[in-house]
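One structure below.
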Amino acid sequence: MGERITTDVAIVGGGIAACAAAVALRRAGLSVVLMEKRRCGAGASGVNFGGVRRQGRDLREMPLANRARLLWDGLSALLGEDVEFESSGHIKLARSEADLAELERYSHAARAVGLDLTMLGTNAVRAELPWLGERVVGASLSPDCGQANPRVVGPAFARLARRMGADIREFTPATGAWRAGDGFVVTAEGLEVSAKYLVNAAGAGSRLLAAAFGEDVPVTPLMPNMIVTEPMRYFINRSIGVCGGDVYVRQIQRGNVIFGGGMGWLDHELGLGRPVSDNTLDGINRTLQVIPGIAQAQVIRTWSGVDSQMPDHIPVLGPSATTPGLIHAFGFSGHGFQIAPAVGEVIADLIVDGQTPTAIADFTITRFRNWTPGTTEETTHTEH
Amino acid sequence: MSRIVVIGAGPAGLRTVECLAEAGLRPILIDESRRPGGQIYRQPPNGVPDAARLYGFEASKATALHALLARLGDRVEYRPDTLVWAIEGKRLSLLTGGNQHSFIEADALVLTTGAMDRILPFPGWTLPGVYTLGAAQIALKSQGVAIGRRVALVGAGPLLPLVTHQYRKAGAELVLSLDVTGLAPKLVLAGAMLANPKTVAKGLFYLARNALGGVPQRFGAKSLQAIGDGRVEGLVWQDNAGRSHTIACDAIGVSFGLRSEIQLADLAGCAMAFDPLTRQWQPERSPEGRSSVAGVYLAGDGAVIGGADVAELAGPRTALTVLADLGHKVDPARLAHLDSALARQRRFRVALEHAYPFPAALLDTLDDAEILCRCEGITVGTLRAAVRGRDVTEINRLKALTRIGMGRCQGRVCGQAAAELLARERAVEVEAVGRLRSNPPVKPVPLQAPLAASEDAA
Amino acid sequence: MTQTAPQFHRLVASSGALVRFLIDGAPAEARVGDLLITAILLNRPNLRRFEFADTHRAGFCLMAGCQDCWVTLADGQRLRTCSELVQDGMHVIIDGAPT
């Protein structure tokens, strides 16, 4: 018969948050079994833009983002691998007076939650970004935002968790989960895990798992359409965004320029996100208007992936409303990369201490208690 | 009227559209190059007055193929200088002239995308002056140019004696023709004579002529090294007895068999299967030419390595399948003839692969410092460190963590070698490490202001 | 054989008209019908600097597969030299035009 394991915590999902939770739980001395349906970090964690960004976030996410920002500085050392984190700064451009007013409003409000931004007028922006093609009326600079390599972070967290004694199972999609006594049973092919706690960090599969405990919520798939160029002369020394979110660009030291181009499409059969050529061409056009200096480079790759979106664009993070011992962590709505290391620690806090010092009340799953399937859901929109 | 799109104007694609046009369809033939012929029959500039001089035995085949589209005229919609850079379902993303984007929705697709040289790294292989054998041939046939003044040719397939013969005939100074696979495996060909006497005779002819022409032909090598200060100045190799040889040269044409171009088949959703004979992943293809996807067909080297003669048979065979699937009547006698010719060719092909076995020994002595990824200079040592320290067991994970396969060539040059090396590190069969997933664009696409994309009316 | 000798060598005389172009500011000649890679390498030992080490590249596969033969012209245009024909007036930058 199959394998039977008893453990303290079963984690369904193998993205950065899930693996970071495994690390934090092991640090606290709890046993962990993590089940990932493919490879750790290969889902949304690995295919996103790679922005390590506090600016532009919904302010309710700032406590999480602040906690994460402190972790990013020491992440490569913690993981024992270079995650290519650079605190290159993030500049968000205002292309109209209305945009500028919005940036100023945000800047005031953000200061109160620990994010200090510098407003730049037209001339200051020109001095900072002399290669800018677009006419801008101003911008907001967040000097300690930055970028990292999303492809390596998830796998590195998984390896650290493994070194610390977590039982990490890849290619192990969860087939069922239910309450058993005061704990849980989670099954996969040939495997049955009994655990005191269950973490739902299953990304695209989180909705199904939540629904199994009577907490169906309106999660929709979100496929970012990503584009990267060949290496070229390095000159884009800040991560760039715009009000409206339709342009976001960064350049790595090797010279490749990475930018977004709208949405990809979901291949339901394979559960994979795929790039969309029309959107790639539109993304190219929009980005060239902002940074004409990349016009001579070649696009060498496009890709997509499947992230999860909540209608209010903030995640679900916190204890289950129906089942004690179940913790939810999903729906990062296109901006989970920067906060993921902190999300992992919060998950561990909730299990080890029953609470967390980081403000997460706004992310409670109970905000959807009156939602029923069939209600119209918002279309996707991601601000960068 | 069904819109049938054929991608690739080499021998397979040309014979495919010929067959479809003759049946009254008007296929669309899309090709990346400006002139038809593919690579093996790459056209010389301005029409060459003396094709026989450059092509040798193949001159009449080349001429017939080059003239094919002109002969068919308006019965084929020919779109040269057009790159198919992405496929979504059967909707093709096209880039014409390097700057005109458009899209076309096909009812049926025939992928005749051909092949490229198979490359294995060796010390010095990124020095200026090292080219593939295919490149050496293309330089000669399409440009009348040799890759150097003192040329060494190194190979592990029938392309080697052919290019040696062509270079010698054209008056190039050839200092070496080295078949790394050795002489002994060629004895297999004696048995294959029955399957394909003409081709074997031709091969033997090349060997004989090359020897008579004074070209030093050598058989068997365990290691290779290109040496020189900033450019090729010599080739060092170790023969199968362990003796070291050095020869002065200023150019090396070297590759080890062929590798199918399968990226478009991958994007079209075709299932792939590992072929142990050629040690590579290829799209699943029925003998009739169907892929695993309804309405997507495959023919020629892009589906299974077979060479130009097979491509000229597989093209019409697949075209007849397309016609039959569209409800046309096809001549069973013609089908039977093609099928038996293809079967004969297949038997010969198997023998040929055994006559030129994969030169695994060349990978055994690679130093950590050797460059594996040519595009970005990533070393064999980086691959080994990823396996030993970062739990890498599969090629896409290797790509994500080391950048091998992330350069401009998207793994065309390094992918197969990376898989072989990864398999060695893991002590598993190369099939077990998987294959690199294709991403659009299948070749680099310029950023500069794409003109407004246009859609082909259905 | 000197370090600066051209890489390629014409075996068949070209019947094409003369093409005049520039490499790093210096005049060079080729023939109509020459690919840009041929034109450059009949004049020079290589065609670009490699961006990740202090070495050069001279192309590799000649069939638009390896992407090793891309050059940048003086006007910033990037061309894959095995796919493009040389044209009058093209100015190829390999090591940099003299100021």
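A compact table of results
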read-out	value
Total residues in the stretch B:414-431, condition touching a strand residue (DSSP E or B) at 6+ places or on another chain (Cβ under 9 Å) and assigned to a helix (DSSP H, G or I)	8
Filter pass, B:Asp391 being under 26 Å from the mean Cα position of the chain (by Cα) and modelled with pLDDT under 95	no
Residue count, the stretch B:355-386 (criterion: in a helix (DSSP H, G or I), open to solvent by 20 Å² or more (accessible area, probe 1.4 Å) and within 19 Å of B:Val433 (Cβ to Cβ))	4
Of all residues in the stretch A:116-133 being open to solvent by less than 60 Å² (accessible area, probe 1.4 Å) and part of a loop (DSSP other than H, G, I, E, B), the one that is nearest to A:Arg105 (Cα to Cα)	A:Leu117
Meets criteria (open to solvent by 20 Å² or more (accessible area, probe 1.4 Å) and either assigned to a strand (DSSP E or B) or within 13 Å of chain B (Cβ to nearest Cβ) (or both)) for A:Pro221	yes
Test: residue in the stretch B:274-287 that is closer than 26 Å to A:Val276 by Cα and without any contact (Cβ under 8 Å) to a residue 60 or more places away in the chain	yes
Matching option when the condition is more than 30 Å from B:Arg259 (Cβ to Cβ) and within 7 Å of another protein chain (Cβ to nearest Cβ), among C:Gly16, C:Gly33	C:Gly16
The stretch B:156-173, subset farther than 15 Å from B:Ala201 by Cα and open to solvent by 20 Å² or more (accessible area, probe 1.4 Å), residue modelled with the lowest pLDDT	B:Lys169
Conditions (1) in a helix (DSSP H, G or I); (2) at pLDDT below 95; (3) open to solvent by 50 Å² or more (accessible area, probe 1.4 Å): number failed by B:Asp74	(2)
Of all residues in the stretch B:123-133 being buried (at least 24 other Cβ atoms within 10 Å of the Cβ) and out of contact with any Pro (no Cβ under 9 Å at 6 or more places or on another chain), the one that is farthest from the other protein chains (Cβ to nearest Cβ)	B:Leu133
Residues that are more than 20 Å from B:Ala417 (Cα to Cα) and assigned to a loop (DSSP other than H, G, I, E, B), drawn from the stretch B:118-145	B:Pro128, B:Gly129, B:Gly144
Some residue of the stretch A:287-306 being within 12 Å of chain B (Cβ to nearest Cβ) and without any contact (Cβ under 8 Å) to a residue 40 or more places away in the chain	yes
Subset of the stretch A:293-311 [small (Gly, Ala, Ser), in a loop (DSSP other than H, G, I, E, B) and more than 11 Å from A:Gly264 (Cβ to Cβ)]	A:Ala295, A:Ala297
Hits in the stretch C:5-25 (condition: under 22 Å from B:Gly253 (Cβ atoms) and touching a residue at least 40 places away in the same chain (Cβ under 8 Å))	C:Ala5, C:Gln7
Selection count, the stretch C:50-99, where residues are more than 11 Å from chain B (Cβ to nearest Cβ) and in a strand (DSSP E or B)	6
Residue in the stretch A:52-84 that is least open to solvent (accessible area, probe 1.4 Å), counting only those that are part of a helix (DSSP H, G or I) and basic (Lys, Arg)	A:Arg69
Residues located in the stretch A:160-178, provided they are within 15 Å of A:Ala21 (Cβ to Cβ), touching a residue at least 40 places away in the same chain (Cβ under 8 Å) and not in a strand (DSSP E or B)	A:Leu160, A:Ala161, A:Met164, A:Gly165, A:Ala166
Within the stretch A:7-49, tally of residues that are under 19 Å from A:Val352 (Cβ atoms), in contact with a Lys or Arg (Cβ under 8 Å, 6 or more places away or on another chain) and open to solvent by 20 Å² or more (accessible area, probe 1.4 Å)	1
Test: residue in the stretch A:280-292 that is assigned to a strand (DSSP E or B) and hydrophobic (A, V, I, L, M, F, W, C)	no
Among (1) closer than 21 Å to B:Gln238 by Cα; (2) of a type in the set (A, V, I, L, M, F, W, C); (3) open to solvent by 10 Å² or more (accessible area, probe 1.4 Å) - the single one B:Ala115 does not satisfy	(1)
Sole residue being modelled with pLDDT under 95, open to solvent by less than 40 Å² (accessible area, probe 1.4 Å) and not in a helix (DSSP H, G or I), chosen from B:Gly411, B:Gly407, B:Gly306	B:Gly306
Residue list for the stretch B:342-353, restricted to those being at pLDDT below 95 and either crowded, with 16+ Cβ neighbours inside 10 Å or part of a loop (DSSP other than H, G, I, E, B) (or both)	B:Gln345, B:Phe348, B:Arg349, B:Ala351, B:Leu352, B:Glu353
Cross-chain or 6+ apart pairs with Cβ under 6 Å, the stretch B:385-398 first and within 11 Å of chain A (Cβ to nearest Cβ) and without any contact (Cβ under 8 Å) to a residue 24 or more places away in the chain, then in a loop (DSSP other than H, G, I, E, B) and open to solvent by less than 50 Å² (accessible area, probe 1.4 Å)	B:Ala386/B:Val392
Subset of the stretch B:89-111 that is β-branched (Val, Ile, Thr) and open to solvent by less than 10 Å² (accessible area, probe 1.4 Å) - its residue that is nearest to the other protein chains (Cβ to nearest Cβ)	B:Ile104
Pairs, first touching a residue at least 40 places away in the same chain (Cβ under 8 Å) in the stretch A:111-135, second polar (S, T, N, Q) and open to solvent by less than 50 Å² (accessible area, probe 1.4 Å), C-beta under 6 Å, six or more apart	A:Gly114/A:Asn66; A:Leu117/A:Ser107; A:Leu117/A:Ser140; A:Leu117/A:Ser142
Test for A:Ala112: is it open to solvent by 60 Å² or more (accessible area, probe 1.4 Å), more than 25 Å from A:Arg151 (Cβ to Cβ) and aliphatic (A, V, I, L, M)	yes
Subset of the stretch B:125-170 (residues that are of a type in the set (D, E, K, R) and under 24 Å from B:Gly114 (Cβ atoms))	B:Lys141
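The values are calculated or read from the model by the stated rules, or taken from the named source; none is laboratory data. Quick caveat, the model's predicted, so the values are computed rather than measured. FYI the Cβ positions are ideal-geometry reconstructions off the backbone, even for glycines, and counts take in every protein chain you see. These area figures cover heavy atoms from the full protein model, side chains too; ligands, DNA and RNA do not enter into them. Shrake-Rupley method; radii C 1.70, N 1.55, O 1.52, S 1.80 Å.
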